[in-house]
Amino acid sequence: MSTISFDAPEARSGYPSSKFLTTNYYQTGIKITVWTLGLIVLCLAMVDFYAQTHANETGIALQSAQNEKLEINEDLRISDIDKYIVGSPVVRTRPADKYTNMCKQMKEYTWKGFFKNYSISVYLGLGNDPSVDYVHGPGDLVQESDQKSSSL
C-alpha cells in the first residue's frame with residue numbers, strides 16, 4: 001500500500017505569506033513613485049538648464065561679434081544679430097532704461113525656464129538699421145584689465 005501524506009498549507013515553504021506580499025507591493029509602489037518624481041524634477045531642471053545655456057551663449061556671441069566689428073571699425077547692426085540668437089526667445093522692444101544718453105531703444109530677449117527666466121538686453125542707436133551699442137546679459141565678458149585690477 002502507498003501512503004500519501006498531505007502537508008498543511010502553513011507548513012509549505014513555497015507559498016509566501018500575505019503579509020510579505022503586501023509589504024513587497026508597498027515597497028515597489030514607493031520606489032516607482034520616487035523614481036517618477038525624480039524623473040519629472042530632472043526634466044524640469046533640464047528645461048531650465050537649456051534656457052540658461054541659450055541665454056549665455058547668445059550674450060557671449062553678441063559681445064564677441066560686437067568686439068570683432070569694432071576691431072575693423074564697423075558697427076554691429078540689428079539686422080546682423082539674428083544669426084547669433086540661440087534657441088527661441090521672447091523679444092520685447094522697450095525704451096532704454098539705462099544708458100539713455102547713448103541709446104534710445106532696447107530689445108530684451110527672454111528665454112523662459114521652468115524655475116527662472118533668463119534675459120539679455122540689447123541697447124540700440126538711432127536709424128532704420130540701428131547699431132548695437134551695448135549688450136547686457138548673463139554672459140557678460142570680463143575684460144582682462146578688470147581681472148587684473150580686481151586681483152590686486
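Over the range 20-133, how many pairs of lysines fall under 25 Å by alpha carbon, counting only those 8 or more apart in sequence or from different chains?
Number of lysine pairs found: 12.
Nearest 0.05, what FRET efficiency do Leu39 and Asn117 give at R0 = 22 Å with Cβ-Cβ as r?
The value I calculate is 0.40.
Report the full-extension gain for the segment Arg77 to Thr28: residue separation times 0.36 nm, less the Cα-Cα distance, to one decimal in nm.
Length difference between fully extended and current span is 11.7 nm.
No lab work stands behind these numbers, since they all come straight from the coordinates. From a predicted model like this one, the values you see are computed outputs, not experimental measurements. When we count neighbours, we look across all protein chains shown, and the Cβ atoms used for this are built from the backbone with ideal geometry, even at glycine.
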